[in-house]
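Just so it is clear, none of the values below were taken in a lab; they were calculated from the coordinates. Here the structure is a predicted model, which means the values were calculated and not measured. Using ideal geometry, Cβ is built from the backbone for each residue, glycine included, and neighbour counts are taken over all protein chains shown.
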Amino acid sequence: MPHFDSRPLTSDRWVDRREFLGNLGTGLGSIALAALLAEDAGAQAAKPTQDPSTPRAAHFAPRAKRVIQIFCPGAVSHLDTFEYKPELIRRHGEPMPGQEKLVTFQGGNGNLMRSPWEWARHGECGKWVSGLLPHLAACVDRMAFVHAMTARTNTHGPALIQMNTGFVLEGFPSMGAWVTYALGTESQDLPAFVAIPDVRGLPPNGPANWNAGFLPAAYQGTYFNTERAIANLRPPANSSAAQEGSVRSLLGTLNREHARQHPGHTDLTARIAAYELAARMQLSAPDVTDISRENAATLRAYGADSDNPLKAAYARNAILARRLLERGVRFVQLYCGGPASQVDGLLNWDAHKTLKTDYERHCPIMDQPTAALLQDLDQRGLLADTLLLWVTEFGRMPTHQTGSQGRDHNPNGFTIWLAGAGVRGGVSYGATDDFGWKAEQHVTTIYDFHATVLHLLGLDHKRLTVYHNGIQRRLTDVHGEVIREVLA
């Protein structure tokens with residue numbers, strides 16, 4: 001090993017170039033090592049050491065304590081629901097100026113196509129809403145619309161993943177996982193994070209939409225709905241309660257000893273917590289999913305008594321979402337629409353060919369139950385500290401696809417809305433251009449949306465980080481600003 005003289009430099013001791021560079025390298029190396037060790041120590045300190053179900057303090061006083069995120073997969077057309085474009089109506093049938101040969105996701109585009117439905121103003125705010133959504137139109141004074149949302153991809157799978165995780169690639173934690181990682185839960189008998197899929201099937205990418213990524217596995221979402229019970233929850237028919245209790249007690253002792261011998265194995269800790277939670281859920285889950293306990297007026301208000309089986313099923317899932325919140329669940333994803341199908345727009349909102357037929361099928365399923373959920377939360381006092389979100393992965397084109405009467409994918413501008421705790425109702429923030437093609441006023445990103453949700457929960461999106469593969473990762477990557485114009 002080379003030897004470096006550590007005596008102070010004085011006028012009687014000259015240092016040659018080799019020694020100077022050697023000392024310089026050692027100094028920089030020490031600085032770099034100290035920085036890496038500090039980052040690692042900070043990351044370890046940031047990791048919650050409590051049981052995943054333990055409630056934890058926010059960074060600052062929160063406006064909201066819990067979240068329901070309604071997701072309509074398939075890309076809902078903003079131009080046929082919530083963003084009124086009179087110029088699109090006036091120029092119907094004309095080429096879009098300057099874009100006569102525009103090619104998008106599925107190919108060429110035809111002329112501008114107006115919305116097939118009438119629009120009207122609603123509420124004290126005078127918000128324009130499509131005639132397809134009469135129940136939600138009655139709630140606009142409680143809702144904040146963001147009309148200049150943009151996505152980074154025009155493909156459903158990656159776009160759903162981005163809306164849920166902030167990234168277009170799989171493997172990153174979902175927003176629900178980040179929230180429950182930061183805040184824990186108030187329920188000891190139910191998962192902190194629940195995803196409620198549509199009865200028509202899982203959305204594109206399935207469980208990747210509610211995964212925990214590189215966070216401890218205990219923070220991934222548990223998915224079930226009123227039609228599909230939680231898997232493997234019931235004990236064997238030939239086993240008594242006393243036997244089950246004895247087995248769980250012994251298994252708990254063995255698991256804790258095994259975990260003690262293998263510290264830092266988050267998958268093992270997550271499995272132990274999941275098994276213990278599953279045992280408690282054998283009593284709590286059947287109760288929370290039993291929608292028959294609701295009175296007739298509530299079932300009727302949501303549309304759970306509808307003769308449309310898909311509407312009735314979504315209504316029951318919406319009631320389930322409220323029941324989960326009442327029992328302390330922190331984050332609920334509620335899906336209205338399932339996977340893609342070979343018939344466009346049949347199972348979700350992907351209306352490439354027959355917009356009018358597709359939306360006259362989907363909007364009645366979504367409209368009444370969603371409005372009833374908002375109103376029910378308000379009447380029960382839950383909306384005061386619950387954040388209700390309505391999202392889709394991107395929008396649709398103002399033109400029709402060549403050879404069809406549908407709209408192609410459009411990530412350049414679309415609409416989402418928020419309601420509830422900390423949200424300023426009756427506002428519309430941002431806008432697309434006159435035809436609804438590109439975000440033009442107050443352009444926003446999914447990063448901004450995520451930063452805003454975390455802010456309402458009392459979390460600074462720049463402080464909520466986890467050190468992973470050499471990077472301090474966060475939900476908003478290296479982007480995002482809180483959309484303060486929609487805050488109360």
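Where does each of 307, 385, 367 land when they are ranked from fewest to most other beta-carbon atoms within 10 angstrom?
On the way: 307 6, 385 17, 367 20.
Final ranking by Cβ density, sparse to dense: 307, 385, 367.
Amide H contacts of residue 66: 387, each under 5 Å away and 5 or more positions distant or on a separate chain (H built 1.01 Å from N in the peptide plane; Pro and chain starts excluded). Residues 404, 246, arranged from fewest to most other Cβ atoms within 10 angstrom of their Cβ, appear as 246, 404.
Above 16 Å lies some portion of the pair distances; for region 61-123, what is it as a whole percent of all C-alpha pairs?
Values: 1255 of 1953 pairs.
Above the 16 Å cut-off, region 61-123 has 64 percent of its Cα pairs.
By the rule of a C-alpha distance below 20 Å, with chain neighbours fewer than 8 residues away ignored, the lysines paired with residue 438 are 85, 101. Among residues other than residue 444 with Cβ under 12 Å from its Cβ, the summed charge is -3 (Lys and Arg +1, Asp and Glu -1). Here's the list of lysines a cross-link from residue 462 could span, going by alpha-carbon distance under 19 Å and ignoring same-chain residues fewer than 8 apart: 47. Give the separation of the Cα centroids, region 293-321 to region 336-354, in Å. Region 293-321 and region 336-354 have Cα centres spaced 23 Å from each other.
Mind pulling up the Rg/Rh value for region 142-181? Radius of gyration and Kirkwood radius, both on Cα. Don't skip to the end; give the middle numbers.
Values: Rg = 12.0 Å, Rh = 11.3 Å.
Taking Rg over the Kirkwood Rh, I get 1.06.
Would you please classify the overall shape of region 325-431 from the alpha carbon gyration tensor, given that a ≥ b ≥ c denote the square roots of the eigenvalues, rounded means a/c under 1.5, and beyond that prolate means a/b larger than b/c while oblate covers the rest? Judged from the Cα gyration tensor, region 325-431 comes out prolate (a/c at least 1.5, a/b above b/c).
Oblate is the label for region 424-488, because a/c, from the alpha-carbon gyration tensor with a ≥ b ≥ c as root eigenvalues, is 1.5 or above and a/b does not exceed b/c. Ordered by the number of other Cβ atoms lying within 10 Å of each residue's own Cβ, fewest first, 219, 467 fall into the sequence 467, 219. For the pair region 188-206 and region 109-157, the centres of their Cα atoms are 26 angstrom apart.
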